[in-house]
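The values are calculated or read from the model by the stated rules, or taken from the named source; none is laboratory data. All figures in this text were calculated on a predicted structure; none of them were measured in a lab. In this analysis, Cβ positions are derived from the backbone assuming ideal geometry, glycine residues included, and neighbour counts consider all displayed protein chains. Accessible surface areas use protein heavy atoms only, side chains included; no ligands, DNA or RNA. Shrake-Rupley method; radii C 1.70, N 1.55, O 1.52, S 1.80 Å.
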Amino acid sequence: MHGESHSALIIGPRGCGKTTLLNSVLHQVSHEADVQNDGLIIKLNGLIHGDEKIALKSITAQMQLENAVGDHIFGTFAENLSFLLSCLKTGSDRTCKSMIFILEEFDLFCHSGRTQTLLYNLFDITHSKQAPMCVLGVTNRMDVMELLEKRVKSRFSHRHIFMFPNECSDPLTSCKRLFVDTMSLPTSLGKRRKDKRKRKKSESIQGDVQTDGYAVPIEVVKRCSMELTDFEIDSTFIEEWNTHIQELAENDKFSDVLEKFSYYTVNEQIYRNVLYQIISKLSPAKPYIDVSDVSSCVDGMVSPEHSVKLLQSLSILELSLVIAMMHAMEIFDGQPMNFEMVLHRYSKFANTHSSAQAVPRPVILKAFEHLHQLEIIVPIRTDGAGDASTSRVQKEYKLYTLGIPVEDIKEAVKGFKALPTEISHWFNSSVM
């Protein structure tokens, strides 16, 4: 907050705590400085804001300058960003607010198919006196510097913060400890005796919420506009629940399930997601956890292959293109396909089914390109000259092949939720 500008990259595998570290530092800084009034924290994600226009809209919205922009027309991205920074200047000395740009999935901003205008302008501002700015990129790719354009790389400060996973000698014990710590209810949330005054009761609860390691932080309660009394739970149930959690942690079958999970991964984020799924299945009719519930959640997380999950996360259109390409490759004995051939196969299906919505060609092409980005389809090499995607062939005629096994496609279609019946029949029908 002293008018200086910096840039840095936080690099490490998924689940090692990169974003957690960043949020912890920002939380600590908020106690030392008035970040809300004297600064701005702007968060962008490469999965969402990879397009410069979308990123600029998000920046404008987070700066709360939609009304200032109005109907202004800008020639370049740099002009638009400079205008936004000028709107933030206040005081007689026309100083600009300090800003922190956090770029999650930083490597997706460096996609080879797009110019890196956003990164260039942000890093360029850190070298000028336009505004005090800190640009922090978060990524899991070690080779991210190789993805940067030369002009972008020359403006980056080359500060790297490497984070490594927390390797535990006994992952099973660590999983059990985290299970007990996360799932146990704080006794401070139990209902007090009625003979105590309400004021003392409120003060006691507030103090417990702030100091108890398992309780909800007081700032979260205020942010959600909730009353502290909303967190009161019957003390008898709390004791029974905590006893149940302890007994479950000592159960041999439960230990076997956790051991299976720890062999699969030691990622705490994935583990917490499993615990969240377990809790979400509880109800007044079933208030306690069964070992079978934990086993089913772990099996659902461990068993499916990555490619199956990836396919099940696709849109109906994208999955239809994968099926069309699979059928076409079966007809032509595994020969590579281009977009026009896949489009012909998909259009033949769409025209014979009235329930299939008419999709414009540019939208289908965009979906096809997204499959390439996800490496579900991969370009083939032509005459040893390198990747077909880098050749001068028009993108509609570049040759691709499936990058995932047909067995994974079958498994994904089988477990795909809300898949239209006609697409399921099309997948299982004869390709001739």
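Things to note:
- Apart from one condition, residue 57 fits all of (1) of a type outside the set (A, V, I, L, M); (2) touching a Cys at 6+ places or on another chain (Cβ under 9 Å); (3) at pLDDT 85 or above; the exception is (2).
- Of all residues in segment 214-229 being under 23 Å from residue 183 (Cβ atoms) and part of a loop (DSSP other than H, G, I, E, B), the one that is modelled with the lowest pLDDT: 214
- You will find that of 312, 277, the residue that is open to solvent by 30 Å² or more (accessible area, probe 1.4 Å), in contact with a Phe, Trp or Tyr (Cβ under 6 Å, 6 or more places away or on another chain) and under 28 Å from residue 179 (Cβ atoms) is 312 and no other.
- Residue count for segment 32-41 under the criterion of being assigned to a helix (DSSP H, G or I) and either open to solvent by less than 70 Å² (accessible area, probe 1.4 Å) or modelled with pLDDT of 80 or more (or both): the result is 2.
- Elements of type helices (runs of 4 or more DSSP H) contained in segment 138-189, each with 1 or more residues being modelled with pLDDT of 85 or more, more than 24 Å from the chain's Cα centre (by Cα) and within 30 Å of residue 250 (Cα to Cα): 171-183
- Lone qualifier among 376, 364, 380 - being touching a helix residue (DSSP H, G or I) at 6+ places or on another chain (Cβ under 8 Å), at pLDDT below 85, open to solvent by less than 50 Å² (accessible area, probe 1.4 Å) and of a type in the set (A, V, I, L, M): 380
- Looking only at residues in segment 7-31 that are of a type in the set (Ser, Thr, Tyr) and touching a residue at least 12 places away in the same chain (Cβ under 8 Å), the one that is least open to solvent (accessible area, probe 1.4 Å) is 7.
- Residues within segment 391-405 that are outside any loop (DSSP other than H, G, I, E, B) and open to solvent by less than 50 Å² (accessible area, probe 1.4 Å), tallied: 4
- Residues of segment 236-271 that are closer than 29 Å to residue 13 by Cα, in a helix (DSSP H, G or I) and of a type outside the set (D, E, K, R): 249, 254, 255, 257, 258, 261, 262, 263, 264, 269, 270, 271.
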